[in-house]
Each structure stands twice: as structure tokens, then as C-alpha cells.
Amino acid sequence: VVGLKKSFGGIEVLKGIDLDVAEGEVIAIVGPSGTGKSTFLRCINFLEEPDEGAVTIDGLTLTAGCHPNRQVYEMRRKSSMIFQAFNLFSNKTVIQNVTLALEVVLKMRKADARIRAEEALSQVGMLDKRDEYPDTLSGGQQQRVAIARALAMRPEIMLFDEPTSALDPELTGEVLKTMRELAAEHMTMVVVTHEMAFAREVSQQVVFMADGTIVEQGKPRDLFQQPQEERTQAFLRNML
């Protein structure tokens, strides 16, 4: 990510973000609410159109305001996003929620889509719920289905926007366990989170954002134990 900027109504939310993410790396993004973390994620796969800057994933570069729509679709295929809300279709079963994008976006045959969907559901421990409807599942189970839906697209990178923020503490653990397993399998991940233990234990780099900028970044041990910036120190005092 190079020079990413985004404003809403004259208010500059992102003030020129630069970030490199290596293949197989987990980056945790932490910081106070309202500082642009979610907007940053949405700009990576152009769910929000940046005002300035460029994003490159796996050799595909999109520059703000200068790209055909087909490249946006290709970028989104490379970068699956998991939201705070689960965004599952309540009138479709678990397996149908996962196969839908495979059939519509990737144009897979139904039989092939089902095989891939079952593989993804098995990976997150939800295969036995494949014929149930989302309303019968707990919040943690629904989020794991959402992760399976993203995994089934076989993206280059997964973007997590506070995936546990809508969950009770008891259910948070099962989602974080799934994400830890993905990290252990070297899935490239950028995770906006308030879960400091996850950021400390699982990520290779922690990015602290505030006021639309990256204030500080580094290895978890360095950033949590010896933050260099006063703004980072104040945030960690409150969180920890």
C-alpha cells in the first residue's frame, strides 16, 4: 500500500498510509476507535475508493481513480474480507452461503463448488452444520461460516475487520482459535482488532494507527513492551 488517502465530507480519514505485507505474514492493526482502521481495510480491496494512492496484491496494482472495473473485481478475488457483522443470507443454508460466490463469481459448477465449500467448512470446524440455517447458529459459529466463505475463494490475503467485536467473550475464543489456525497455516492476514493478546501472540507485525496515520509499527514484543511514541504509550496504558 502506497500513499493511501481518503476523505469523507472534507474530513481526511486516511492521511497517506504506506504498508508492506509479506506473503504468509499476519499484521495486526490496533488503535482507538474512529481513527480510520476499518476504512483502511475497505480501501485495500476498493470497497471504498481511495482518493489517492495505490494498492498492489500479487502483482495486480490499482491506482486511485485510474482503473477499470474488471481490475477491481480481480482485486476483490485476491482479498477476501470478514466483517464485524457476519453478513450471511438468512434464507440460505450454511453450505449455500459458502457456495454462492463460488458459483456466481468464479462460475464453478455446483458439484465442484460444494466440494470446495465443504473443505472450507471443515477447515473452520463447521462441516457438521452445513445444512443448517444461520439463525440456528451462535454468533461465533456464524462468524466461522463467514470465514469459511472467504477461505473458499482461495484469496491471496484475508482482511479481518474486528471480527470478534459483535461476539460475547465466550464466543470470541472460538473465532480467535480459527484465526490462529489460519495463521499457523501461513495465510496472509491483515487484522483490525481490539484483542491485544491475539495481536501479541499471533502477528508478526503490529501497526498502531491514530488520527488517520500509522504512528508506530514493529514486532509485537517491541511495540507492546517498549513503544517509542507517546501516543502509542498512552493507548497501550488504557488497553492493558
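The values are calculated or read from the model by the stated rules, or taken from the named source; none is laboratory data. In this text, all values refer to a predicted model and were calculated from it rather than measured experimentally. So basically every Cβ, Gly included, is an ideal-geometry build from the backbone, and we count neighbours across all protein chains shown. Remember, those area values only see protein heavy atoms, side chains included, never the ligands or the DNA or RNA. Shrake-Rupley method; radii C 1.70, N 1.55, O 1.52, S 1.80 Å.
Matching residues to (1) without any contact (Cβ under 8 Å) to a residue 12 or more places away in the chain; (2) in a helix (DSSP H, G or I); (3) within 19 Å of residue 164 (Cβ to Cβ):
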{"residue": "191", "(1), (2), (3)": "no, no, yes"}
{"residue": "200", "(1), (2), (3)": "no, yes, yes"}
{"residue": "214", "(1), (2), (3)": "no, no, no"}
{"residue": "222", "(1), (2), (3)": "yes, yes, no"}
{"residue": "227", "(1), (2), (3)": "no, no, no"}
{"residue": "234", "(1), (2), (3)": "yes, yes, no"}
{"residue": "237", "(1), (2), (3)": "yes, yes, no"}
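Which of the residues belonging to region 201-216 are surrounded by fewer than 19 Cβ atoms within 10 Å (Cβ to Cβ) and closer than 20 Å to residue 23 by Cβ?
204
Any residue at all in region 226-240 that is open to solvent by 50 Å² or more (accessible area, probe 1.4 Å), closer than 18 Å to residue 33 by Cα and aliphatic (A, V, I, L, M)?
Yes: region 226-240 contains one or more residues that are open to solvent by 50 Å² or more (accessible area, probe 1.4 Å), closer than 18 Å to residue 33 by Cα and aliphatic (A, V, I, L, M).
Taking the condition within 14 Å of the chain's Cα centre (by Cα) and open to solvent by less than 40 Å² (accessible area, probe 1.4 Å), does residue 124 pass?
no
So, in region 66-92, of the ones that are of a type in the set (Gly, Ala, Ser) and at pLDDT 90 or above, which residue ends up nearest to residue 179 (Cα to Cα)? Give the derivation first.
We begin by selecting, within region 66-92, every residue of a type in the set (Gly, Ala, Ser); these are 79-80, 85, 90.
Subsequent filtering for residues that are at pLDDT 90 or above retains 79-80, 90.
Numbers: 79: 16, 80: 14, 90: 24 Å.
This residue is 80.
Go through (1) in contact with a helix residue (DSSP H, G or I) (Cβ under 7 Å, 6 or more places away or on another chain); (2) at pLDDT 95 or above for residue 164 and report which single condition fails.
Condition (2) is where residue 164 drops out.
Do you know which residues across region 45-59 are among the hydrophobic types (A, V, I, L, M, F, W, C) and at pLDDT 95 or above? Outline the logic, then answer.
Step one: list which residues in region 45-59 are among the hydrophobic types (A, V, I, L, M, F, W, C), which gives 46-47, 54-55, 57.
Hits for region 45-59 are 54, 55, 57.
Can you tell me which residues in region 161-186 are outside any helix (DSSP H, G or I), surrounded by 18 or more Cβ atoms within 10 Å (Cβ to Cβ) and of a type in the set (A, V, I, L, M, F, W, C)?
Once the filter is applied, which keeps residues that are outside any helix (DSSP H, G or I), surrounded by 18 or more Cβ atoms within 10 Å (Cβ to Cβ) and of a type in the set (A, V, I, L, M, F, W, C), region 161-186 yields only 167.
Hey, can you tell me all the residues within region 103-154 that are in contact (Cβ under 8 Å) with a residue 40 or more places away in the chain, under 22 Å from residue 186 (Cα atoms) and assigned to a loop (DSSP other than H, G, I, E, B)?
Matches in region 103-154: 124, 125, 153.
Out of the residues in region 57-90 that are loosely packed, with under 14 Cβ neighbours inside 10 Å, polar (S, T, N, Q) and without any contact (Cβ under 8 Å) to a residue 24 or more places away in the chain, state the one that is farthest from residue 137 (Cα to Cα).
61
Working carefully through the options 21, 55, find the one that is aliphatic (A, V, I, L, M), farther than 23 Å from residue 172 by Cα and assigned to a loop (DSSP other than H, G, I, E, B). Walk me through it before giving the result.
On the way: 55 fails: assigned to a loop (DSSP other than H, G, I, E, B).
Exactly one residue qualifies, and that residue is 21.
Just checking, how many residues over region 11-41 are among the hydrophobic types (A, V, I, L, M, F, W, C) and in contact with a Leu (Cβ under 9 Å, 6 or more places away or on another chain)?
Going through region 11-41 one residue at a time, the tally reaches 9.
Would you pick out the residues in region 161-182 that are out of contact with any Leu (no Cβ under 6 Å at 6 or more places or on another chain) and in contact (Cβ under 8 Å) with a residue 60 or more places away in the chain?
162, 163, 165, 166
Identify all residues within region 202-212 that are in a strand (DSSP E or B) and over 22 Å from residue 176 (Cβ atoms); write none if there are none.
Of all residues in region 202-212, those in a strand (DSSP E or B) come to 205-210.
The one that is in a strand (DSSP E or B) and over 22 Å from residue 176 (Cβ atoms): 210.
Hey, residue 219 hits all of (1) under 28 Å from residue 119 (Cα atoms); (2) surrounded by fewer than 21 Cβ atoms within 10 Å (Cβ to Cβ); (3) among the charged types (D, E, K, R) but one; which does it fall short on?
Evaluating residue 219 over (1) under 28 Å from residue 119 (Cα atoms); (2) surrounded by fewer than 21 Cβ atoms within 10 Å (Cβ to Cβ); (3) among the charged types (D, E, K, R) leaves (1) as the failure.
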